[in-house]
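*Asks:* Before we start, here is the structure in question, set down as structure tokens.
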């Protein structure tokens, strides 16, 4: 029973991490019309950044602002240098461009750091277990990750639902041709969305670093799962991405715990089911 | 998508003859390298039916290639006359299921769903004991019609692969000239209008998806036969992306483009280690250059 | 003959077409006019099957085709043109029209160059719109007026009984209008034609019957002379245009 509770919480926390990655992906698709296969690599870069920052400074806490700031800068750079030019290109070009980025990022990681597995220590402040019910206790750091992810999700929803810029982002995600009509500078919106998406993916990587090993290609699994999140959630929908991420995180975690051989297949099967019933996404409007 | 011109087909035939004559003037190593290129060409050519033919960019294609390869392992040592059709049929059945679902979507969603379904096939062999484990497994080759000695193998497989590729190319060349082929090109050019004019776009796309899947299965079968080794990596989406790269390198608008692209990429992978060990960097930069500069592919240069 | 009864289409809170009925007869050119946003394009899309009606029924020669998809309607004999040119621009003119004619062909694995029926049909459609000399040119090299003619040829190639022309003159200058007007007159002899058009001179030159739509509803219906004389129509709409 207690392990089941732990798995449930793990699933929730994994789902929230997936939300950080998938929400950026869905907004970048929705607003810019760009497919970014390298989004999973950004997650890996965030995790390695945490490893390096925690290693040099000795405190994990600096890694989180570093991931956010680094992500915003890196995202702005990528958007201006590459993605801006690829908005109107064919899917094939976008797929290959971002595939090339995966290869280049992986090789850069190999040159700058190495090809080994690394671990990042859970910060001492949170290195204890919190008793929950009966004899069941749960890692304080994992609870903190839960809280941080929820806070970020709430902030994002507030931003998108309540601010003017957020409203134009939503309008753009639902109908890209609208942006020009709204009189908003589409280029600024694109840059903002891409930078924020990059920062979210790298933050997710940094948060995940103490939870799992930091290793080459660690973003690949997250990439596939966050794509599934986008499909199930409906293109460009933040709220849809949220619920879909929780669903996918839960199914994947419980699957890996109880039927490890079928977990990967189960998640894809779930997506197949959604496509059969509602091809526009489970949480899409209308 | 245009087939090669008369002169282009003549050049392709001459190149084919040159490859066929390799047993006379070169050794096992280079014949195996040529086989690798021929198999890559079959795989990319099968994907070109979707990309250049119907405008569908699929990332599930390596899954069908891998299924064809694993069919050889699962069948055990049978006659190649059995294993080849079974590999094609297995891949076709998988493509029918995956295509029926993912073709309900278009654009980005199609990309994402094919990526996920391709990975589902990958997990099937990576996570379960069905395919002999995640590190891959050596296999017993199917029996050819006559007994082939170990020394003859590279030459025999080279000629076999060449024959299969030539048949595949000729078949697709003819196919693109049928009403079906023209309808596919129409869908690539303007799917909405084709639908409005009364074409059953969904069925046409599904037919192309299944046929392309079957041909990828044939390519996978030839890979297993040639290498006597299969691993889950064969099904990974990176392989699909590489095939897309071959198509882009060779020229998206030309049926023979993927053949040129496959040869170019195989040679690049063979010789780039002489300059640097950073293979992925080289490949990444080549893709960047191809996407940014080479808009019509090698076929466009050698028009 | 195509007949629509009680046709409505709602987009969220907006009723784009409200309880509209009309009949299209072979040998008759039925023009639908009205200010922007009156629901004319929605009407064409409802009749062609791009949109499903919220309410109402559509018959084609007595058969209920309300649930038919776009493709099924095209095969059943409903041809349409698009307001914005909607072609395969990188193919030749003949290929565009042949693909339209090919939709009802079986035996998909026959060599395209050997299957005569769609080629003959395509050439005939091109001849009818007067584009036959341009068959081998790429569609993207045509002039704007020729592209509008090609749109019509593609609709004709499917051998439709009903022809829905959605602003066939959109973007055309006066020099393009004349041959298109002559063409529409010819077409209305053999097909049931629905014409949505903004150019009132053209409408009154070719229409046998006119329906005036305002806010999704029929404001008036009648012969061109009646419409021209109607005070209600003049107040609501025509006054601004014809003056």
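The values are calculated or read from the model by the stated rules, or taken from the named source; none is laboratory data. The model shown is predicted, which means the values in this text are computed figures rather than measured ones. Note that we place each Cβ from the backbone using ideal geometry, even for glycine, and neighbour counts take in every protein chain shown.
*Asks:* In the stretch B:95-117, how many residues are more than 9 Å from every other protein chain (Cβ to nearest Cβ), within 24 Å of residue B:73 (Cα to Cα) and buried (at least 24 other Cβ atoms within 10 Å of the Cβ)?
*Replies:* 1
*Asks:* For residue A:264, work out the one condition from (1) modelled with pLDDT of 85 or more; (2) within 14 Å of chain B (Cβ to nearest Cβ) it doesn't fulfil.
*Replies:* (1)
*Asks:* Check every one of the strands (runs of 3 or more DSSP E) wholly within the stretch C:1-44 and list those with 2 or more residues that are more than 20 Å from residue C:80 (Cα to Cα).
*Replies:* On the way: elements: C:2-11, C:14-24, C:29-33.
Output list reads C:2-11, C:14-24.
This table checks each residue for (1) more than 10 Å from every other protein chain (Cβ to nearest Cβ); (2) without any contact (Cβ under 8 Å) to a residue 40 or more places away in the chain; (3) farther than 17 Å from residue B:81 by Cα; (4) more than 18 Å from the chain's Cα centre (by Cα).
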{"site": "B:132", "(1), (2), (3), (4)": "yes, no, yes, yes"}
{"site": "B:137", "(1), (2), (3), (4)": "yes, no, yes, yes"}
{"site": "B:142", "(1), (2), (3), (4)": "yes, no, no, yes"}
{"site": "B:156", "(1), (2), (3), (4)": "yes, yes, no, yes"}
{"site": "B:164", "(1), (2), (3), (4)": "yes, no, no, no"}
{"site": "B:167", "(1), (2), (3), (4)": "yes, yes, no, no"}
{"site": "B:171", "(1), (2), (3), (4)": "yes, yes, yes, no"}
{"site": "B:180", "(1), (2), (3), (4)": "no, yes, yes, yes"}
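*Asks:* Inside the stretch B:226-259, can you point out the residues that are more than 14 Å from chain A (Cβ to nearest Cβ) and surrounded by fewer than 24 Cβ atoms within 10 Å (Cβ to Cβ)?
*Replies:* Correct list: B:226, B:227, B:228, B:229, B:231.
*Asks:* Consider the stretch C:189-212. How many of its residues are in contact with a strand residue (DSSP E or B) (Cβ under 6 Å, 6 or more places away or on another chain) and either modelled with pLDDT under 90 or closer than 30 Å to residue C:10 by Cα (or both)?
*Replies:* 13
*Asks:* Now, a different point. Residue A:251 - would you say it is closer than 18 Å to residue A:20 by Cα, in contact (Cβ under 8 Å) with a residue 12 or more places away in the chain and at the interface with chain B (Cβ under 9 Å from one of its Cβ atoms)?
*Replies:* For residue A:251, the condition - closer than 18 Å to residue A:20 by Cα, in contact (Cβ under 8 Å) with a residue 12 or more places away in the chain and at the interface with chain B (Cβ under 9 Å from one of its Cβ atoms) - is not met.
*Asks:* Determine the pairs where a residue that is within 13 Å of chain B (Cβ to nearest Cβ), located within the stretch C:59-70, has a partner that is exposed (fewer than 15 other Cβ atoms within 10 Å of the Cβ) and in a strand (DSSP E or B) with Cβ atoms under 6 Å apart, the partner being 6 or more residues away or on another chain.
*Replies:* none
*Asks:* Quick one: is residue B:200 modelled with pLDDT under 90 and more than 22 Å from the chain's Cα centre (by Cα)? Give the steps one after another, and end with the answer.
*Replies:* Values: modelled with pLDDT under 90: no; more than 22 Å from the chain's Cα centre (by Cα): yes.
Criteria not met by residue B:200.
*Asks:* Could you please give the count of residues in the stretch B:272-281 that are under 23 Å from residue B:251 (Cα atoms) and either in a loop (DSSP other than H, G, I, E, B) or more than 22 Å from the chain's Cα centre (by Cα) (or both)?
*Replies:* Summing the residues that are under 23 Å from residue B:251 (Cα atoms) and either in a loop (DSSP other than H, G, I, E, B) or more than 22 Å from the chain's Cα centre (by Cα) (or both) in the stretch B:272-281 gives 2.
*Asks:* Condition (residue is in a loop (DSSP other than H, G, I, E, B), surrounded by fewer than 19 Cβ atoms within 10 Å (Cβ to Cβ) and touching a strand residue (DSSP E or B) at 6+ places or on another chain (Cβ under 7 Å)) applied to the stretch C:152-170: is it met by at least one residue?
*Replies:* yes
*Asks:* Filter the stretch C:77-129 down to residues that are buried (at least 16 other Cβ atoms within 10 Å of the Cβ), more than 7 Å from chain B (Cβ to nearest Cβ) and in a loop (DSSP other than H, G, I, E, B), then give me how many there are.
*Replies:* Residues in the stretch C:77-129 being buried (at least 16 other Cβ atoms within 10 Å of the Cβ), more than 7 Å from chain B (Cβ to nearest Cβ) and in a loop (DSSP other than H, G, I, E, B): 5 in total.
*Asks:* Just one of the numbered conditions (1) more than 8 Å from chain B (Cβ to nearest Cβ); (2) crowded, with 16+ Cβ neighbours inside 10 Å; (3) modelled with pLDDT under 95 is not true of residue C:50; which one?
*Replies:* (1)
*Asks:* Look through A:132, A:68, A:169 and report the one residue that is more than 14 Å from chain B (Cβ to nearest Cβ), part of a strand (DSSP E or B) and touching a residue at least 40 places away in the same chain (Cβ under 8 Å).
*Replies:* Being more than 14 Å from chain B (Cβ to nearest Cβ), part of a strand (DSSP E or B) and touching a residue at least 40 places away in the same chain (Cβ under 8 Å) holds for just one of A:132, A:68, A:169, which is A:132.
*Asks:* Does at least one position in the stretch A:271-284 carry a residue that is away from every other protein chain (no Cβ under 12 Å), touching a residue at least 12 places away in the same chain (Cβ under 8 Å) and surrounded by fewer than 24 Cβ atoms within 10 Å (Cβ to Cβ)?
*Replies:* yes
*Asks:* For the stretch A:236-252, give me the residue count where each residue is crowded, with 21+ Cβ neighbours inside 10 Å and more than 15 Å from the chain's Cα centre (by Cα).
*Replies:* First pass over the stretch A:236-252, keeping only residues crowded, with 21+ Cβ neighbours inside 10 Å: A:236-238, A:240-242, A:244-245, A:247-249, A:252.
Still in the list and also more than 15 Å from the chain's Cα centre (by Cα): A:252.
Final tally of qualifying residues: 1.
*Asks:* Evaluate the following for residue B:215: is it more than 9 Å from chain C (Cβ to nearest Cβ) and under 27 Å from residue B:154 (Cβ atoms)?
*Replies:* Yes.
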